[in-house]
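This report concerns only the one structure given below.
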Amino acid sequence: MAAYPYRPGPGAGPAAGAALPDQSFLWNVFQRVDKDRSGVISDNELQQALSNGTWTPFNPVTVRSII
């Protein structure tokens, strides 16, 4: 199982004129997804948090590409 800490890349961030999300909201979401409280979101944790509309898990390759 791989784990990936958040590292924004070049150009990451809100689009011009977009408001930044509330940091406490983002932290709450992060904590809900980080089930093992490791401080990083693993590919398995992200896969469990995502919904594809068919109630089936996301393809693991798709999850890793998101990360």
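The values are calculated or read from the model by the stated rules, or taken from the named source; none is laboratory data. Note that the structure is a prediction, hence the values are computed from the model and not measured. Cβ atoms come from the backbone with ideal geometry, glycine included; neighbour counts cover every protein chain shown. Note: areas computed on protein heavy atoms with side chains; ligands, DNA, RNA excluded. Shrake-Rupley method; radii C 1.70, N 1.55, O 1.52, S 1.80 Å.
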**Prompt:** Quick one: what pairs do we get from the stretch 39-67, first residue among the small types (Gly, Ala, Ser), second open to solvent by 70 Å² or more (accessible area, probe 1.4 Å), C-beta under 8 Å, 6+ apart or different chains?
**Reply:** Ser42/Met1; Ser42/Tyr4; Ser42/Asp36; Ala49/Arg32
**Prompt:** For Asp34, which of the numbered conditions (1) at pLDDT 85 or above; (2) over 11 Å from the mean Cα position of the chain (by Cα) fails to hold?
**Reply:** (2)
**Request:** Inspect the stretch 40-51 for any residue being at pLDDT below 80 and either among the polar types (S, T, N, Q) or open to solvent by less than 90 Å² (accessible area, probe 1.4 Å) (or both) and give the result as yes or no.
**Result:** yes
